């Protein structure tokens, strides 16, 4: 809704001084109020004498403006949830110096909380007639600046158009570094994008050969770290032959895996088998005792027979 404003005496003085000095008065925000419970002025002289709102409860910045010979206008958007329960009755323009440049009354409008009404915002356009309109400018807050849908459609891409509204699709592809393959069909002839089975692709591994077509398997293993000195190979060996594991054999694993440290336990165990559940290096038992059936705990075989009987 548009509302007219009256130039205050203080505002006229500041604008006239700026005009004479070749300067511009910056109007930075709009003050809004509820009138403070008093009867608001309606006489032009009384309106011009106002220097402050009677019941200010908020301050808003402009999100758009327009200026023509003889008048200026600006738009603000009042978010009702910022002032729940307030009633808008008055508004004024304030300059960067804090002067109330213009004042006007507004039809009493209740600002509901979002839960009270479907109304969430009030768009207020303020118009001020001026002799020296070129000496006044409204300062727009870029965080709240609004544009028409027509301007927005010209400035931004529309999601529903799926990039068909680009000004220059070729330049857009260049910016994305897509090359010319983005506009070519897949095929097997010159000028097409090659598919995976294209005979023009040479030197590529074929999946059905399961890596048997590698030109140098040793180099491939080295590149993967799977050669005897490779980090991946050592990591696999270390995971299998972890610290504390006991391995029976004639040769020490250290001969094959020289980076590991192994200890010879042949003297420690003296030809005995390590007991189940024993910790690493534990010894016990006797080399001269023969295990009989009574020394074994009860157990069953797959045939179903129980031992010992």
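The values are calculated or read from the model by the stated rules, or taken from the named source; none is laboratory data. All of these numbers come straight from a predicted model, not from anything done at the bench. Don't worry about glycine lacking a Cβ; one is built from the backbone with ideal geometry, like all the others, and counts go over all protein chains shown.
Scanning segment 111-131 for residues being at pLDDT 70 or above, in contact with a helix residue (DSSP H, G or I) (Cβ under 8 Å, 6 or more places away or on another chain), surrounded by fewer than 18 Cβ atoms within 10 Å (Cβ to Cβ) and assigned to a loop (DSSP other than H, G, I, E, B) gives a total of 3. Hey, does segment 99-110 have a residue that's modelled with pLDDT under 80 and surrounded by 18 or more Cβ atoms within 10 Å (Cβ to Cβ)? No, segment 99-110 contains no residue that is modelled with pLDDT under 80 and surrounded by 18 or more Cβ atoms within 10 Å (Cβ to Cβ).
Among the residues making up segment 177-229, those that are assigned to a helix (DSSP H, G or I), under 42 Å from the mean Cα position of the chain (by Cα) and closer than 30 Å to residue 255 by Cα are 220, 221, 222, 223, 224. Within segment 203-218, no residue that is farther than 25 Å from residue 229 by Cβ sits with its Cβ atom under 7 Å from a residue that is part of a helix (DSSP H, G or I) at 6+ positions apart or across chains. In the list 11, 74, 92, which residue meets the criterion of being buried (at least 16 other Cβ atoms within 10 Å of the Cβ), part of a helix (DSSP H, G or I) and touching a residue at least 60 places away in the same chain (Cβ under 8 Å)? Only one candidate qualifies: 11. Of the set (1) in contact with a helix residue (DSSP H, G or I) (Cβ under 6 Å, 6 or more places away or on another chain); (2) at positive phi, all apply to residue 55 but (2). Residues of segment 19-48 that are in a loop (DSSP other than H, G, I, E, B), in contact with a strand residue (DSSP E or B) (Cβ under 9 Å, 6 or more places away or on another chain) and surrounded by fewer than 16 Cβ atoms within 10 Å (Cβ to Cβ): 24, 42.
Let's see how each residue does on (1) over 24 Å from residue 64 (Cβ atoms); (2) touching a helix residue (DSSP H, G or I) at 6+ places or on another chain (Cβ under 6 Å); (3) modelled with pLDDT of 80 or more:
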residue	(1), (2), (3)
144	no, no, no
149	no, no, no
154	no, no, no
175	yes, no, yes
201	yes, no, no
